Amino acid sequence: MKTRLLTTSPKHLRLAADIISAGGLVAFPTETVYGLGGDAMNPSAAALIYEAKGRPSDNPLIVHLADPAEAVHLTEDIPETFARLAERFWPGPLTLVVRKKASVPDATTGGLPTVALRIPDNAVALELIRLARTPVAAPSANLSGHPSPTCWEHVRADLDGRIDAIIKGDPSRVGLESTVLDLTGPAPLILRPGLVTPEEIEAALGQPVTYDPAITEPMDPKSAPRAPGMKYRHYAPRAEMIVFKGDPEVVVRIIEERRLQEKAAGKKVGTLLYGQAEKHLIARDFFSRLRQMDQTGVDLILAAAVSTEDSVGFSIMNRMLKAAGYRIEEV
Ligand code: AMP
Ligand code: MG
């Protein structure tokens, strides 16, 4: 398949929307990362998304809307919390999981009785969804397991020849995938941390919000080596990666010693040292840096942990540890 590169001109967005309406796939910019879009109501389009990404078909897709009013057509038993969160955070990097209507194909939700919804904060994405006149299912536009794409060139590197078109929009402003919040249980539960923080959600709802234990347990260095399912890598560079955690000055020194050692042993070593950089800037940069290291043929990445005292740092560490296959050394 020849993958067309499209601009953000009205003519090209019309063309992109027609591809989606016809059951094809178009990668498009969002504020979080680039998405691989297909018609969420068309099971064969959903199947094509899984195939293009090489993604296991039980990993559900996020459905992107242009207008919160569309949610009523897709969901059953909308909780009262939904409207409050949509009002406060949409368009934006918060995905809400609610019960689905039968009309939403199982192929889109990975067989789950729930559907994940979001309105992206990106003018090109919104216009594309409006023109397609259908909800757009869109996971990150990368090959499954690779770092998420934060610019169109990343999408081309992974999916050229596997999808119909790529819209050449701006690089993603946020750089990490959306916060995923499950509203179907007795209390709101964060399934994936992102830039919308539990504190902000709690403030909007006036009730406590918790992280799924599957997120927090692996973040605890004491439980990390024992926790199940930890060996699989996600968001991962080709290079081996180790995260160093501890006093920042000691971490820098240990990483430098290790770099020299490994270099002497013939390895090409890359380092990831963000120091005191502002957390939102780290979030924007992180996936792109992993891809750069791969491009320059790095064999080993030595990364300094970022502080998880604030929720944005916590989200970055969630991605960093997965990228490293949870290989942490405490110094
Ligand atoms: P991605 O599209 O690559 O950003 O991944 C989508 C994320 O949303 C995955 O982590 C899914 O597990 C999560 N997700 C999507 N739909 C649902 C759902 N119905 N229930 C729970 N999690 C979901
Ligand atoms: Mg993804």
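The values are calculated or read from the model by the stated rules, or taken from the named source; none is laboratory data. Source: prediction; values computed, not measured. Every residue, glycine among them, receives a Cβ derived from its backbone with ideal geometry; neighbour counts consider all protein chains shown. Quick note on the areas: whole protein, heavy atoms, side chains included, nothing else; ligands and nucleic acids left out. Shrake-Rupley method; radii C 1.70, N 1.55, O 1.52, S 1.80 Å.
The set of residues in segment 41-52 that are open to solvent by 10 Å² or more (accessible area, probe 1.4 Å) and assigned to a helix (DSSP H, G or I) comprises PRO43, SER44, ALA47, LEU48, TYR50, GLU51. Flag: GLU80 matches the condition of being free of Cβ contacts under 8 Å to residues at least 12 places away in the same chain and more than 11 Å from ligand 1 (Cβ to nearest atom). Residues that are open to solvent by less than 70 Å² (accessible area, probe 1.4 Å) and within 15 Å of ligand 2 (Cβ to nearest atom) were ranked within segment 57-79; the one that is modelled with the lowest pLDDT is ASN59. Exactly one residue out of ILE316, ILE301 is open to solvent by less than 20 Å² (accessible area, probe 1.4 Å) and part of a strand (DSSP E or B), and it is ILE301. Taking segment 4-40 only, how many residues are open to solvent by less than 10 Å² (accessible area, probe 1.4 Å), closer than 10 Å to ILE167 by Cβ and among the β-branched types (Val, Ile, Thr)? Number of matching residues: 1.
Condition check for ALA304 on (1) under 20 Å from the mean Cα position of the chain (by Cα); (2) aliphatic (A, V, I, L, M); (3) modelled with pLDDT of 95 or more: one failure, at (1).
On the stretch given as segment 254-267, residues that are surrounded by 13 or more Cβ atoms within 10 Å (Cβ to Cβ), among the charged types (D, E, K, R) and in a helix (DSSP H, G or I) total 4.
Of all residues in segment 102-144, those satisfying the criterion of being away from ligand 1 (no atom under 13 Å from the Cβ) and assigned to a loop (DSSP other than H, G, I, E, B) are ALA102, SER103, ILE119, ASP121, ASN122, ARG133, THR134. When SER44 is tested against (1) over 26 Å from PRO188 (Cα atoms); (2) within 16 Å of ligand 2 (Cβ to nearest atom); (3) not aromatic (Phe, Trp, Tyr), just one condition goes unmet, and that condition is (2). Is it the case that PRO93 is touching a residue at least 12 places away in the same chain (Cβ under 8 Å), touching a strand residue (DSSP E or B) at 6+ places or on another chain (Cβ under 9 Å) and either closer than 30 Å to ALA157 by Cβ or crowded, with 21+ Cβ neighbours inside 10 Å (or both)? The answer is yes for PRO93. Restricting the first member to segment 101-128 and to residues that are on the phi < 0 side of the Ramachandran plot, and the second to residues that are among the hydroxyl-bearing types (Ser, Thr, Tyr) and open to solvent by 20 Å² or more (accessible area, probe 1.4 Å), the beta-carbon pairs closer than 6 Å and six or more apart or on different chains are THR114/THR184; VAL124/THR8.
Let's see how each residue does on (1) within 16 Å of ligand 2 (Cβ to nearest atom); (2) open to solvent by 20 Å² or more (accessible area, probe 1.4 Å); (3) among the basic types (Lys, Arg):
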| residue | (1), (2), (3) |
| --- | --- |
| LEU126 | no, yes, no |
| VAL155 | yes, no, no |
| ILE166 | no, no, no |
| GLY169 | no, no, no |
| LEU176 | yes, no, no |
| GLY185 | no, yes, no |
| PRO188 | no, no, no |
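Evaluate segment 204-215: report whether one residue or more is open to solvent by less than 20 Å² (accessible area, probe 1.4 Å), of a type outside the set (Ser, Thr, Tyr) and part of a loop (DSSP other than H, G, I, E, B). Yes. Give me the pairs, please: first residue somewhere in segment 268-288 and at negative phi and assigned to a helix (DSSP H, G or I), second residue anywhere and buried (at least 20 other Cβ atoms within 10 Å of the Cβ) and among the polar types (S, T, N, Q), beta-carbon distance under 8 Å, and either six or more positions apart or on two chains. So the pair list comes out as ALA283/SER315; ARG284/THR150; ARG284/SER172; PHE287/SER148; PHE287/THR150; SER288/THR150.
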